[in-house]
Each structure stands twice: as structure tokens, then as C-alpha cells.
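Novice: I'd like to ask you about the structure that follows.
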């Protein structure tokens, strides 16, 4: 069960989305009162040694920040110098991060990216920087000062983290346990730990750029429009002696080969696949459920999303983890509710055969499960 968290506190969704989202930073105090941190120092020492987790350790040398990549020896946490430990994709293994990630229902799910945990000792920081995406910063334990500047011009879609050495602040927020800071895209911000036990959860969002879309669309076209190999042929031309002039026949040939023959349905499939793709390093564990095996349990059961699964729908097209799920009209409402809530109830003895067939396929692909997610902490 996904635990409910109201990340906006007393602010309404309408006020936040109209006044702040994508526009202006804000500080929301005490969205979780009397918050108790679940990440202990003992657990941190295990995390930094884990080869399966993507971790970074950032220290400052004069005006430069030095980044090391994990896994690490536990001794790094005993350093007397200011440092910050970053742990990426924590929603995949940490229950509170998962609940935090899934509490943001007021922003479309296709925008959701990941949760990163930041642990800093006193004065620890990663420097003033801007990100190319929106960020919610939830303060776990300790206290952090946030200095926030104005929006920066984004120079490249590939630069998600841009260090800014000429930072000028416009806002100053002090984040205490249970507080939230919102940062719009490309807005310079500088977080500095005020305590030795400073833990911050960064909920990041993704958004496709024009360059990403064009590159992926070309790849999609190559896969969808497979055709026999063909080469420009001028063997029947009456005149080849045109020197540097380009023949009209070649221009026509290139235009025809570059013109897409995709129909609206295929365009929708491209959008659905792109927006529901999981991260490249995600692996889903295959299962071998059979209809008879599932029908042996006469009770109502609960279906759960895998913690890494991404699912979307639009115009009655349904996608999960980059896979199109063809559905008949009578199943639309069931899957809309399932995709919206990421869990649902089902009785395998009472539902229709088509629904059961699709559910079994999703179970066997490892996209959904009959057991609630298991977390390390």
C-alpha cells in the first residue's frame, strides 16, 4: 500500500500549479509534522558499500567541487571536511522515497523521474547549480539553508547539472525536518547543510526535449518502416553530363525516402513508447504464472506495480514500460484505474478471459506483482 503524503501542506493543488509550478521557487513548511527519519547512520554505511546502487561523494577543494563515484569505504563518512553523499533512484529500494515519489499525483506521471537522497555533514554542499528539470526538495533530518537565484538559459538538453560560479541569490529558505522547497527548471540553487545529520530527498521530474524527440523518432522510423535495401539509380538518365549540378531525379529520390509513411496510430505508439520507457539499467524479473495457478486462489487478490514500472494512457492507448497493451473498450476503465493508482483488486475466478490473459502477460513480464513491493528499509 502506498502511504499518503500531502507534499503541498495547506496549499491547494490549483494554487501551486498556477502560481509556482515551472515559474517560481517556494518554501512549504511542515508538510509532515514530527517527521522521523528512517535512514540511520548504520544503514548509510551499508548503502555506500552497495555495488548495485549509484552513489557519488562530493567534497570541496577551494572553489572547486570534486566528485567521486561509489561504492565507497565506510571511512569516507568520518571525514572532518564538508561533504555530500548522493544516492540515486532511492524510490526503488527505500519505502519512504517510494511513497514520496508516488504522492505527487497533481503532476502527470510521465513527468516523474526519480528520488535522490542527499546526506551532508555540517557545511556540506554540491555548490550552486541549476538543473534542467523541476525539483521538490523534502528535508528529512537536520537543517539546510537554500540560497536560490534566478532562471538560467539552458544551453544543452544533455546538461542536467550546471555548476554556476557567478551565483546571485534572490531567495533564502531554511528547510527543517518535514519542510519542502520547490525549484523550477534552470533555476540556480545552492543548498548548505547547517547540521551533521542533514538528509534531503530530491524528487526530480523529466520532460522530453525537441532534440530527444527527434533522435528517438528517427530510431522509431528505422524500426517501423523496414523496407528492402534500395540505392539511387541513374542508369537510364538521358544526360549525365551536368557537372556540379544536382539532378532533379536525385532530389525527388531523397525527398521520397525521407518522407514518413507513418499513420496516426503509429505516431501514437511512438509517443506512448517514449513516455513510458523505464530507465535503461532497469531489469524486470520474468515469472511463469498459469491461469490454473491463479484460479486456485478463490479470494480477491491485489495487483501491484513493480517499483520501476512506468505506465501511461491517452486516447484509449495504453502503455507500460515501453510496451503497447492493446485493449478492447470494455477494459478501458479497469486499466485507467489500475494505471492511476498503481495497484488494484482482482478475482481471477470472476473476471473475463481477455482481462485475465493480459494480467497474466504483465505478471509474467515482471511489470506487475501479486505481492506488495519489498524495500531494504
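Novice: Over the Cα atoms of the range 210-264, each weighted equally, I'd like the Debye log10 I(q)/I(0) at q = 0.25 Å⁻¹, rounded to two decimals.
Specialist: So the normalised log intensities work out to -1.07.
Novice: Which of these, 23, 336, 248, has the largest mean-square fluctuation under a Gaussian network model of the chain (Cα springs below 10 Å)?
Specialist: In this elastic network of the chain, the residue with the biggest mean-square fluctuation among 23, 336, 248 is 248.
Novice: In what sequence, highest mean first, do 231-244, 286-299, 33-46 appear when ranked by Cβ atoms within 10 angstrom?
Specialist: Numbers: 231-244: 7.1, 286-299: 11.1, 33-46: 12.8.
Output ranking for 231-244, 286-299, 33-46: 33-46, 286-299, 231-244.
Novice: Once you keep just the Cα pairs under 8 angstrom separated by 6 or more residues, what percentage relative contact order results for the chain? Present the calculation step by step, with values, prior to reporting the outcome.
Specialist: Working: 652 pairs, mean separation 61.3, N = 377.
After rounding, I find 16 percent.
Novice: Further, regarding this structure: Give the distance, in whole Å, between the Cα centre of the range 353-377 and the Cα centre of the range 255-310.
Specialist: Here the two parts' Cα centres lie 11 Å apart.
Novice: Would you mind classifying the range 1-141 by shape? Square roots of the alpha carbon gyration tensor eigenvalues, ordered a ≥ b ≥ c; an a/c under 1.5 is rounded, otherwise it is prolate if a/b is larger than b/c and oblate if not.
Specialist: On the way: a/c = 1.98, a/b = 1.55, b/c = 1.28.
Verdict is prolate for the range 1-141.
Novice: Remind me, relative contact order of the range 291-369 in percent, using alpha carbon pairs under 8 angstrom and six or more residues apart? Provide the component values of the computation, followed by the final result.
Specialist: Details: 77 pairs, mean separation 34.4, N = 79.
Computed over the range 291-369, the figure is 44 percent.
Novice: Assign one of three labels to the range 291-369, namely rounded, prolate or oblate, based on the Cα gyration tensor with a ≥ b ≥ c the square roots of its eigenvalues; rounded applies when a/c is under 1.5, prolate when it is not and a/b is larger than b/c, and oblate otherwise. Write out the running numbers ahead of the final one.
Specialist: Working: a/c = 1.75, a/b = 1.40, b/c = 1.25.
Judged from the Cα gyration tensor, the range 291-369 comes out prolate (a/c at least 1.5, a/b above b/c).
Novice: To the nearest 500 deg cm²/dmol, what mean residue ellipticity at 222 nm is calculated for the chain from DSSP H runs of n ≥ 4 alone, each contributing -39,500 (n - 2.57), summed and divided by the residues? Don't skip to the end; give the middle numbers.
Specialist: Numbers: 9 runs with 88 residues, N = 377.
It lands at -7000 deg cm²/dmol.
Novice: Mind checking the angle between helix 248-258 and the chain's longest principal axis? C-alpha axes, 0 to 90 degrees, to the nearest 10.
Specialist: Once rounded, the angle reads 50 degrees.
Novice: Is the C-alpha gyration tensor of the range 81-155 telling us rounded, prolate or oblate? Criteria: a/c under 1.5 is rounded; beyond that, a/b larger than b/c is prolate, otherwise oblate. All intermediate terms of the calculation are to be shown ahead of the outcome.
Specialist: Values: a/c = 2.02, a/b = 1.16, b/c = 1.74.
Oblate is the answer for the range 81-155, as a/c is 1.5 or above yet b/c matches or exceeds a/b.
Novice: Taking P(r) over Cα pairs in 10 Å bins from 0, in percent as the quantity of interest, determine which of [x] 4, 19, 26, 22, 15, 8, 4, 1, 0; [y] 5, 24, 34, 27, 10, 1, 0; [z] 5, 24, 29, 21, 13, 5, 1, 0 was computed from the displayed structure.
Specialist: Looking at P(r) over Cα pairs in 10 Å bins from 0, in percent for this model, the match is [x].
Novice: What whole-number distance in Å separates the alpha-carbon centres of the range 188-214 and the range 49-79?
Specialist: 18 Å
Novice: To continue, here is another question. Return a whole-number percent for the relative contact order of the range 13-205, with Cα pairs under 8 Å and 6 or more residues apart as the contact set. Intermediate values should be presented prior to the final figure.
Specialist: Details: 438 pairs, mean separation 55.0, N = 193.
About 28 percent, as a whole number.
Novice: At a 10 Å Cβ-Cβ cut-off, how would you order 258, 349, 26, 198, fewest neighbours first? List each step's numbers first, then the result.
Specialist: Working: 258 8, 349 13, 26 19, 198 26.
The order, fewest Cβ neighbours first, is 258, 349, 26, 198.
Novice: Also, quick follow-up: Mind telling me which of 315, 228, 131 comes out most flexible in a GNM of the chain, alpha-carbon contacts under 10 Å?
Specialist: Answer for the Gaussian network model of the chain: 228.
Novice: Also: In degrees, nearest 10, range 0 to 90: what is the angle between the Cα axis of helix 264-276 and the longest Cα principal axis of the chain?
Specialist: Long axis of 264-276 versus the principal axis of the chain: about 20 degrees.
Novice: Using Cα atoms only, what is the angle between the long axis of helix 332-341 and the major principal axis of the chain, expressed in degrees (0 to 90) to the nearest 10?
Specialist: For helix 332-341, the angle is close to 30 degrees.
Novice: With springs only between Cα atoms under 10 Å, which of 307, 76, 203 fluctuates most in a Gaussian network model of the chain?
Specialist: 76
Just so you know, all these numbers are worked out from the coordinates, no wet-lab data involved. Predicted model, so just to flag it, every value in this text is computed and none were measured. Please note: Cβ atoms are built from the backbone with ideal geometry, for glycine as well, and neighbour counts cover all protein chains shown.
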